[in-house]
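Here is the structure we will look at.
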Ligand code: ADP
């Protein structure tokens, strides 16, 4: 059977384990030898005990766990040619020519580069006497399927990334808790949620908590936002509301591209309205905890589809990313999605917010 390896890379997210589980079981179902690579690209480079064969039961009882049981890491060495050569050697040694990478746009970019370089890497390994001519021939093609694990829902091409829904559950639990205490004490709360380039979590959090104001990176507020914010908060209090909720994405900016922080907002509210105003930064709580039903199903479907894509791949198949389109799992060209995701971030740097929103499309 074919050799398949699955690994998780970059920031973790809930639902990655469901994806790992699906890859392993689907791979075994198709008669493949399936491997875990622990600690992302670092494990691929270090080899040895970091690349271990998985069996049916090694992925039992993991679907309900948050994070990733096989570990994730950031790895500078994989950005270097020498690092990737070591990784290629370790894969050839184990007969692995199919990779399922679960990560964000950085991890997927690395995978694409690896694929492009694969034959050069093997040629070098052959020349250095590290692999045989038979190995060079037998493992001449590398196949890649990517899955997007990210709580931010910041990837172009897919409606939902693995982990976003669970992160929203964490945020909603927290806002509900905040709302009840805010009500008792007539306070104003500013909640900072994750989202460096993408305001999805902030927008949905604002909608579902009846927030009064929301700050997101891709739609900076008008220049006189301080006044608009205060007017809005005051108006709500004047009609009898006992509290105010403001949601701010960690990457929120003004129209000059300068950050708007929770502390900036607090100062505006306190200076102008003298409201008792508190900040809650949710931070890593959003990444943690058990995956929601949606993320378990999403991870499972994406993992299964990734293996099917690899089974059907031939010499001319480019790396794909498995995406959710409506309720369908679809395969899209990996690099195009990565490029578009990077173009969105660039458009925001260039203060072209309409373009950013347009480029991001449905997600
Ligand atoms: P994410 O995948 O969540 O976007 P990072 O951007 O930190 O997270 O990428 C995770 C890892 O992927 C990096 O530590 C590195 O090993 C690898 N990687 C990222 N970008 C590249 C690149 N341009 N070339 C090679 N490897 C990369």
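Data for the structure
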{"quantity": "Flag for residue 304 being surrounded by 15 or more Cβ atoms within 10 Å (Cβ to Cβ), more than 22 Å from residue 197 (Cβ to Cβ) and touching a helix residue (DSSP H, G or I) at 6+ places or on another chain (Cβ under 8 Å)", "calculated": "yes"}
{"quantity": "Yes/no for residue 42 being touching a residue at least 12 places away in the same chain (Cβ under 8 Å) and part of a loop (DSSP other than H, G, I, E, B)", "calculated": "no"}
{"quantity": "Test: residue in the range 132-155 that is over 22 Å from residue 22 (Cα atoms), surrounded by fewer than 18 Cβ atoms within 10 Å (Cβ to Cβ) and within 16 Å of the ligand (Cβ to nearest atom)", "calculated": "no"}
{"quantity": "Unique match (being out of contact with any strand residue (DSSP E or B) (no Cβ under 8 Å at 6 or more places or on another chain) and within 16 Å of the ligand (Cβ to nearest atom)) among 169, 197", "calculated": "197"}
{"quantity": "Selected residue (only one of 344, 330 is on the phi < 0 side of the Ramachandran plot and in a helix (DSSP H, G or I))", "calculated": "344"}
{"quantity": "The lone exception for residue 158 - which of (1) in contact with a strand residue (DSSP E or B) (Cβ under 9 Å, 6 or more places away or on another chain); (2) within 16 Å of the ligand (Cβ to nearest atom); (3) outside any loop (DSSP other than H, G, I, E, B) it fails", "calculated": "(3)"}
{"quantity": "Test: residue 106 is surrounded by fewer than 22 Cβ atoms within 10 Å (Cβ to Cβ), within 16 Å of the ligand (Cβ to nearest atom) and modelled with pLDDT under 95", "calculated": "yes"}
{"quantity": "Single match in 235, 226, 241 (criterion: out of contact with any strand residue (DSSP E or B) (no Cβ under 6 Å at 6 or more places or on another chain), closer than 23 Å to residue 180 by Cβ and in a helix (DSSP H, G or I))", "calculated": "235"}
{"quantity": "Failed item, numbered, when residue 284 is tested on (1) within 20 Å of the chain's Cα centre (by Cα); (2) more than 28 Å from residue 64 (Cα to Cα); (3) without any contact (Cβ under 8 Å) to a residue 40 or more places away in the chain", "calculated": "(2)"}
{"quantity": "Selection from the range 56-97 of residues that are surrounded by fewer than 23 Cβ atoms within 10 Å (Cβ to Cβ), more than 15 Å from the ligand (Cβ to nearest atom) and farther than 24 Å from residue 317 by Cα", "calculated": "56, 57, 58, 60, 61, 62, 63, 64, 65, 66, 69"}
{"quantity": "Matching residues in the range 1-38 - criterion: being assigned to a loop (DSSP other than H, G, I, E, B) and either in contact with a helix residue (DSSP H, G or I) (Cβ under 6 Å, 6 or more places away or on another chain) or over 19 Å from residue 76 (Cα atoms) (or both)", "calculated": "1, 2, 9, 10, 13, 14, 15, 30, 31, 32, 38"}
{"quantity": "Residue 100, sole failed condition from (1) closer than 28 Å to residue 64 by Cβ; (2) away from the ligand (no atom under 16 Å from the Cβ); (3) touching a residue at least 60 places away in the same chain (Cβ under 8 Å)", "calculated": "(2)"}
{"quantity": "Cβ pairs under 8 Å, 6+ apart, first in the range 8-20 and on the phi > 0 side of the Ramachandran plot and touching a residue at least 24 places away in the same chain (Cβ under 8 Å), second within 11 Å of the ligand (Cβ to nearest atom) and part of a helix (DSSP H, G or I)", "calculated": "10/40; 10/106; 10/107"}
{"quantity": "Residue 49 within 21 Å of residue 138 (Cα to Cα) and surrounded by fewer than 19 Cβ atoms within 10 Å (Cβ to Cβ)", "calculated": "no"}
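The values are calculated or read from the model by the stated rules, or taken from the named source; none is laboratory data. All values reported here derive from a predicted model rather than from experimental measurement. Heads up, the Cβs are rebuilt from the backbone with ideal geometry, glycines too, and the neighbour counts pull from every protein chain shown.
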